[in-house]
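The values are calculated or read from the model by the stated rules, or taken from the named source; none is laboratory data. Bear in mind that the values here come from a model prediction, so they are computed numbers and not experimental data. So basically every Cβ, Gly included, is an ideal-geometry build from the backbone, and we count neighbours across all protein chains shown.
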Amino acid sequence: MEPYTKPMIQHDIVQGIIRGEYLQTGLLSERQLMEKYGVTKSIVREALVELCSENVLRSIPRYGYEIVTLTEGEVRDILKFRVLVECNSLPSVVERATKEELEDLALYTQTLSPSGDQDVWDAWDNNSKFHLQLITLSGNRYCYDQLKRSLSILKRAYAQFYWDQWRRVRFHFDSEHHLQITDALKNGNLNTARTVLEEDICSFGYKL
């Protein structure tokens with residue numbers, strides 16, 4: 001196995017938070033993580049400092065690092081941001097995307113929606129893949145990067161709010177909204193696409 005690098009440690013810590021491996025009320029220590037990953041203190045500290053800069057963790061001097069608790073207000077703000085960015089990207093999608101690209105988006109959407117219930121995080125990841133693929137067609141890399149970051153924060157927030165529920169349930173994910181969006185875009189119906197997209201953004205998990 002290759003040695004853990006700083007990015008690998010950062011990613012694994014975030015995934016550990018999502019999985020509930022690290023409690024919201026607990027503290028992460030440099031020594032704990034050094035032993036877990038088998039790396040030097042400097043690499044662990046660099047990873048933790050980076051996660052603090054991303055507002056994932058907060059340093060408590062002489063004690064360790066606590067997980068930043070996200071609030072419902074912050075989630076609502078991110079959802080509003082997503083609506084603004086994603087819905088206002090739709091005119092660029094219609095202008096730039098070819099008929100073939102929109103057909104491919106519809107086919108791609110269907111491959112993300114196997115029949116039956118899914119693990120909630122598989123459903124979340126599939127939902128996120130559609131939204132990232134859609135905004136890719138706008139041609140705006142900055143919007144793509146900000147959406148990807150927003151989805152990552154929301155995933156942590158939902159894990160924090162609903163972990164006790166979501167770890168015990170299966171989630172039925174289908175592509176109905178996504179196919180409605182792609183059909184509206186293919187027909188040049190921006191109003192319908194915008195309405196369904198906003199509903200889809202605000203519906204997943206927040207009021208579970």
*Selection count, segment 1-59, where residues are among the aliphatic types (A, V, I, L, M) and touching a residue at least 60 places away in the same chain (Cβ under 8 Å)*: 4
*Could you tell me whether segment 69-91 includes any residue that is of a type in the set (Lys, Arg), more than 30 Å from GLN180 (Cβ to Cβ) and either touching a residue at least 60 places away in the same chain (Cβ under 8 Å) or assigned by TED's automatic domain parsing to the domain that holds LEU33 (or both)?*
no
_Going residue by residue through segment 76-93, is there one that turns out to be at pLDDT 95 or above, among the acidic types (Asp, Glu), surrounded by 14 or more Cβ atoms within 10 Å (Cβ to Cβ) and part of a helix (DSSP H, G or I)?_
yes
*Among all residue pairs at least 6 apart or on different chains, which show Cβ distances below 8 Å where the first residue, located in segment 176-201, is farther than 13 Å from LEU102 by Cα and the second is among the hydroxyl-bearing types (Ser, Thr, Tyr) and in a helix (DSSP H, G or I)?*
HIS177/SER203
